[in-house]
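Working notes, beginning with the structure itself.
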Amino acid sequence: MKTIDSINFSQKKALIRVDFNVPLNEEFEVTDNTRIKAAIPTLKKILKDGGSIVLMSHLGRPKDGPADKYSLKHIIKEASNLLGTEIKFADDCISEKSFQQSSALKPGEVLLLENLRFHKEEEKGNEVFAQKLSKHGNIYVNDAFGTAHRAHASTAVMAQFFEPQNKCFGYVMAGEISSIDKVLNKSEKPFTAIIGGAKVSDKIMIIEQLMNKADNIIIGGGMAFTFVKAMGGKIGKSLCEDDRLETAKQLLDKAKAKGIAMHIPVDAVIADDFSNDANTKEVDITQIPEGWMGLDIGSNSIKQFGEVIKKSKTILWNGPMGVFEMSNFEKGTKQVAYDIAEATKGAAYSLIGGGDSVAAINKYNLADQVSYVSTGGGALLEYIEQGTLPGIKAIEN
């Protein structure tokens, strides 16, 4: 894997695809700077070498060209503070003025281009657009794992306009690739995958792939009720994909045939309304009364899952166990997070991936107590499913 460590950037201009797609509040202030923070070591290495930097990213999903609320100018203050260097701004990514600004950069200077997605050509993977963008630098660095699964101009097409020796991965990409490789290809046994979230349909491929690697697969969140119903349980008005019941059955049969332990919750915290103020009780997950819905795993499930997690040497967590945003239904997710941290303390390797799992780990202040927190939700899942990503192939080919 070719990373920025193999290049001396002295007097060079690095064109870096970063993932600065961060949440903003109504005052356009950054409310979660995790992704910006993650890119800082890459930028500092290049500046320390004596190089200059042109940054490119997207922000949000602008539909019809430029829109102030999606302008990357809003993140300059936060990014400059984190980097400790003033970042200049170009109000378009391929205008004549932006090329003048990038060509005038001196060593140690940084320029951020305006939102790539203000041009429809970015998402279409347009070659002409990619080639234009490529003229902003003489070394291409992809450090945007969160968008590496998109075959967009700046992530998968632009690399062809740079010689092999002039393209590489930044530290974020390198860290993501090696952490997934460690989990999927170099995992110590037992390997436990914890899969949660709302829908089975979103996770079928990942569960099938993990059956080739994992010893245990723990199922939680809304998707668990599709499995419970498939096994003949009564789930009340809990979330369920009726068109996936056969799929759930097949997954259970496949796991059994392969000797993989599929851990389905045995009890649930149920509510008579989707609200933190609803009436709640804990019941056998196969006996949820009509008019009630499961919103978290119950105490017996928490205990059983915890025992599996604590015996594991490799752990992958993607998706919460319940509606953890509501305090009455966060216990399952919270305890899984703490159990993973405890297992990590006991020398397990833990990879946390997917927006909600990352949000949970951050909510309970455990990010520094797990091995790796992935910055790319969809990208991580697709990497596990496909074995590579367009943004990775573009650098490696």
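The values are calculated or read from the model by the stated rules, or taken from the named source; none is laboratory data. Because the structure is a prediction, the values reported are computed rather than measured. Here the Cβ is made from the backbone with ideal geometry for all residues, glycine too, and neighbour counts use every protein chain on show.
In table form, for the structure just shown:
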read-out: Helices (runs of 4 or more DSSP H) within region 108-207 that include 1 or more residues surrounded by 24 or more Cβ atoms within 10 Å (Cβ to Cβ) and in contact with a Pro (Cβ under 9 Å, 6 or more places away or on another chain); value: 171-185
read-out: Failed item, numbered, when Phe99 is tested on (1) hydrophobic (A, V, I, L, M, F, W, C); (2) free of Cβ contacts under 8 Å to residues at least 60 places away in the same chain; (3) surrounded by 19 or more Cβ atoms within 10 Å (Cβ to Cβ); value: (3)
read-out: Residues within region 251-267 that are over 17 Å from Lys281 (Cα atoms) and surrounded by 14 or more Cβ atoms within 10 Å (Cβ to Cβ), tallied; value: 9
read-out: Residue pairs meeting the criteria (Cβ under 6 Å; at least 6 apart or on separate chains; first within 16 Å of Gly354 (Cβ to Cβ), in region 212-226; second surrounded by fewer than 24 Cβ atoms within 10 Å (Cβ to Cβ) and among the basic types (Lys, Arg)); value: Met223/Lys199
read-out: Matching entry among Leu105, Leu112, Leu83 (being under 25 Å from Arg150 (Cβ atoms), in contact with a Leu (Cβ under 8 Å, 6 or more places away or on another chain) and modelled with pLDDT of 95 or more); value: Leu112
read-out: Residue among Ser10, Ser98, Ser6 that is closer than 26 Å to Lys124 by Cβ and not aliphatic (A, V, I, L, M); value: Ser98
read-out: Scope region 98-107; condition outside any loop (DSSP other than H, G, I, E, B) and under 15 Å from Ile87 (Cβ atoms); matching residues; value: Ser98, Gln101, Ser102
read-out: Filtered residue count, region 229-252, keeping only those that are of a type outside the set (D, E, K, R), assigned to a loop (DSSP other than H, G, I, E, B) and touching a strand residue (DSSP E or B) at 6+ places or on another chain (Cβ under 9 Å); value: 4
read-out: Test set (1) at pLDDT 95 or above; (2) farther than 16 Å from Asn115 by Cβ - Asn25 fails condition number; value: (1)
read-out: Index of the failed condition, Leu55 passing every other in (1) out of contact with any helix residue (DSSP H, G or I) (no Cβ under 7 Å at 6 or more places or on another chain); (2) not in a strand (DSSP E or B); value: (2)
read-out: Tally of residues being in contact with a Lys or Arg (Cβ under 8 Å, 6 or more places away or on another chain) and not charged (D, E, K, R) across region 73-112; value: 12
read-out: Among the candidates Ala151, Ala144, residue that is within 20 Å of Leu389 (Cα to Cα) and touching a strand residue (DSSP E or B) at 6+ places or on another chain (Cβ under 9 Å); value: Ala144
read-out: Exclusive hit being closer than 25 Å to Leu316 by Cβ and in a helix (DSSP H, G or I), set Ala255, Ala214; value: Ala255
read-out: Test result for Ala379, surrounded by 22 or more Cβ atoms within 10 Å (Cβ to Cβ) and touching a residue at least 12 places away in the same chain (Cβ under 8 Å); value: yes
read-out: Among (1) within 24 Å of the chain's Cα centre (by Cα); (2) at pLDDT 95 or above - the single one Gly298 does not satisfy; value: (1)
read-out: Filter result (surrounded by fewer than 21 Cβ atoms within 10 Å (Cβ to Cβ) and either among the hydrophobic types (A, V, I, L, M, F, W, C) or outside any helix (DSSP H, G or I) (or both)) within region 1-12; value: Met1, Lys2, Thr3, Ile7, Asn8, Ser10, Gln11, Lys12
read-out: Qualifying residue in region 310-321 (condition: surrounded by fewer than 24 Cβ atoms within 10 Å (Cβ to Cβ) and among the aliphatic types (A, V, I, L, M)); value: no
read-out: Scope region 345-358; condition more than 19 Å from Gly377 (Cα to Cα) and surrounded by fewer than 21 Cβ atoms within 10 Å (Cβ to Cβ); matching residues; value: Lys345, Gly346, Ala347
read-out: Residues that are crowded, with 20+ Cβ neighbours inside 10 Å and over 27 Å from Lys363 (Cα atoms), drawn from region 29-46; value: Leu43, Ile46
read-out: Pairs with Cβ under 7 Å, 6+ apart, first in region 67-92 and free of Cβ contacts under 8 Å to residues at least 24 places away in the same chain, second not in a helix (DSSP H, G or I); value: Ser80/Glu86; Ser80/Ile87; Asp91/Glu114
read-out: Residue in region 279-294 that is assigned to a strand (DSSP E or B) and farther than 16 Å from Asp267 by Cα present; value: no
